[in-house]
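The values are calculated or read from the model by the stated rules, or taken from the named source; none is laboratory data. In this text the structure is predicted, and so the values were computed from the model without any measurement. Virtual Cβ from ideal backbone geometry, glycine too; neighbours counted across all protein chains shown.
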Amino acid sequence: MKIIELHKSITESNDRDAEKLRNRLRKQGLLLVNLMSSAGSGKTTMLSRTITDLKDRVRIAVMEADIDASVDAERIAALGAVSIQVHTDGMCHMDAGMTEEGLNNMDLEGIDIAFLENIGNLICPAEYDTGAGCNVMILSVPEGDDKPLKYPLMFQNSDALLVSKIDALPYFRFDMDKLYERVRYLNPDIKIFPISAKTGEGMKEWEEWLLERLAAWRKK
Amino acid sequence: MHELGIVMHVAKTLDEVAEENHLTSIGSVTLEVGEVSGIITDYFVDCWNYFKVKHPLLKDCRMKLEMIEGITFCEDCKREYRTIKYGRICPYCDSEHTYLLQGNECNIKEIEASDE
């Protein structure tokens, strides 16, 4: 027996796969958006509204990752958008290899933006690079303004934060200023969009940002 | 659940190392695990034992874990404290302006291997 010193981070091989996938997607001109949040924050509702609002401007596909079931993919498919359900069989996050496999099983002809709706939880998905061109997270008002303190990594790794369900603000003790301060401390460059997919408030700003990201992605 | 995913990533890395170094079996793997990496060590070892029997290269491979203490630094009062005990808020000055110095690691430190 001999000892081999490695000193490798366990995410190293995933980081390599992610970079490979990102390069491939850049060549294809397809913007992959890794969407992360807790369970029940309104990811699918927000996506449904975004797909409908932008249907004349870009074609969006959605990869739904869940531990089980396919209710989310069915909701997206009902809008006429390309969708696929990926089951992680008990795993709490998507990695680059799983994401690539999912994409390979989708008909992406003519698609501009593909969303990966990651597993609902604020911890594990933040630790694995999926190969996406940008990371977006949702925090809903009922979850509370203290979440950046408890789960800093996801806020640090995201390019945009959607604060969802703002129509419910009157009913919760949610300090929006405090949230901005906490999030900006972790990540000064993050874009923050307060939205309500129910009333439509704030959706336009988010959607315009998304289109800008797509244009920038294709220019690079 | 998280632990199983990490086990699979460790196995993937070890497969690559084995190929590069022409190894036929791995007797043990030593991991450095941070206290606040979110890894529950008991679950992790259970997942390892479940997984390794399905993987010829690793079937006799023991998992050794070395823990790394979680330490947070406060930018306001410039002091360090134990993350596990106090979390993100500095116990000395109540500041939220803190960051983790160490304790979030999950590294493969070394392996014991045979190429015969």
Exercise. So, in segment B:34-59, of the ones that are hydrophobic (A, V, I, L, M, F, W, C) and farther than 12 Å from B:E3 by Cα, which residue ends up surrounded by the fewest Cβ atoms within 10 Å (Cβ to Cβ)?
Worked result: B:V53
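Would you mind finding the one in B:E105, B:E32 that is more than 30 Å from A:Y180 (Cα to Cα), under 16 Å from the mean Cα position of the chain (by Cα) and within 11 Å of chain A (Cβ to nearest Cβ)?
B:E32
Could you please find all residues in segment A:1-59 being basic (K, R) and in a helix (DSSP H, G or I)? Quick ask: steps written out before the conclusion?
To start, the set of residues in segment A:1-59 that are basic (K, R) comprises A:2, A:8, A:16, A:20, A:22, A:24, A:26-27, A:43, A:49, A:55, A:57, A:59.
Within segment A:1-59, A:R16, A:K20, A:R22, A:R24, A:R26, A:K27, A:K43, A:R49 qualify.
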For this session: Can you tell me which residue among A:E19, A:E5 is modelled with pLDDT of 90 or more and within 11 Å of another protein chain (Cβ to nearest Cβ)?
Result: A:E5
Problem set entry | Of all residues in segment B:59-80 being of a type in the set (D, E) and more than 14 Å from every other protein chain (Cβ to nearest Cβ), the one that is nearest to A:D146 (Cα to Cα) | B:E80
For this session: Just give me the residues in segment A:50-80 being under 21 Å from A:W209 (Cα atoms), β-branched (V, I, T) and buried (at least 20 other Cβ atoms within 10 Å of the Cβ), in sequence order.
Result: A:T50, A:I51, A:I60, A:V62
Problem set entry | Flag for B:L14 being in contact with a Cys (Cβ under 9 Å, 6 or more places away or on another chain), within 11 Å of chain A (Cβ to nearest Cβ), closer than 15 Å to A:L6 by Cβ and not in a strand (DSSP E or B) | yes
Seminar exercise, completed: Within segment B:53-111, residues over 20 Å from A:E127 (Cβ atoms) and among the small types (G, A, S) come out as B:S95
Problem set entry | Residue tally, condition within 14 Å of another protein chain (Cβ to nearest Cβ) and over 20 Å from A:T45 (Cα atoms), over segment A:105-124 | 2
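For A:V183, are the conditions met, namely being among the β-branched types (V, I, T), surrounded by 15 or more Cβ atoms within 10 Å (Cβ to Cβ), touching a Pro at 6+ places or on another chain (Cβ under 6 Å) and within 14 Å of another protein chain (Cβ to nearest Cβ)?
For A:V183, the condition - among the β-branched types (V, I, T), surrounded by 15 or more Cβ atoms within 10 Å (Cβ to Cβ), touching a Pro at 6+ places or on another chain (Cβ under 6 Å) and within 14 Å of another protein chain (Cβ to nearest Cβ) - is met.
Residue by residue, here is whether (1) more than 16 Å from the chain's Cα centre (by Cα); (2) of a type outside the set (G, A, S); (3) more than 12 Å from chain A (Cβ to nearest Cβ) holds:
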residue: B:T41; (1), (2), (3): no, yes, yes
residue: B:K52; (1), (2), (3): yes, yes, yes
residue: B:R82; (1), (2), (3): yes, yes, yes
residue: B:I89; (1), (2), (3): yes, yes, no
residue: B:I111; (1), (2), (3): no, yes, no
Problem set entry | Tally, over segment B:91-102, of residues that are of a type in the set (S, T, N, Q), assigned to a strand (DSSP E or B) and within 13 Å of chain A (Cβ to nearest Cβ) | 1
Seminar exercise, completed: For segment A:83-104, pairs from a residue that is more than 9 Å from chain B (Cβ to nearest Cβ) and farther than 17 Å from A:S70 by Cβ to a residue that is small (G, A, S) and not in a loop (DSSP other than H, G, I, E, B), with Cβ under 8 Å and 6 or more apart or across chains, are A:A96/A:A18; A:L103/A:A114
Exercise. For segment A:132-145, does any single residue satisfy the condition of being touching a helix residue (DSSP H, G or I) at 6+ places or on another chain (Cβ under 9 Å), more than 30 Å from A:E100 (Cβ to Cβ) and within 14 Å of chain B (Cβ to nearest Cβ)?
Worked result: yes
For this session: Tell me, please, whether a residue that is loosely packed, with under 15 Cβ neighbours inside 10 Å, in a strand (DSSP E or B) and of a type in the set (S, T, Y) can be found in segment B:60-83.
Result: no
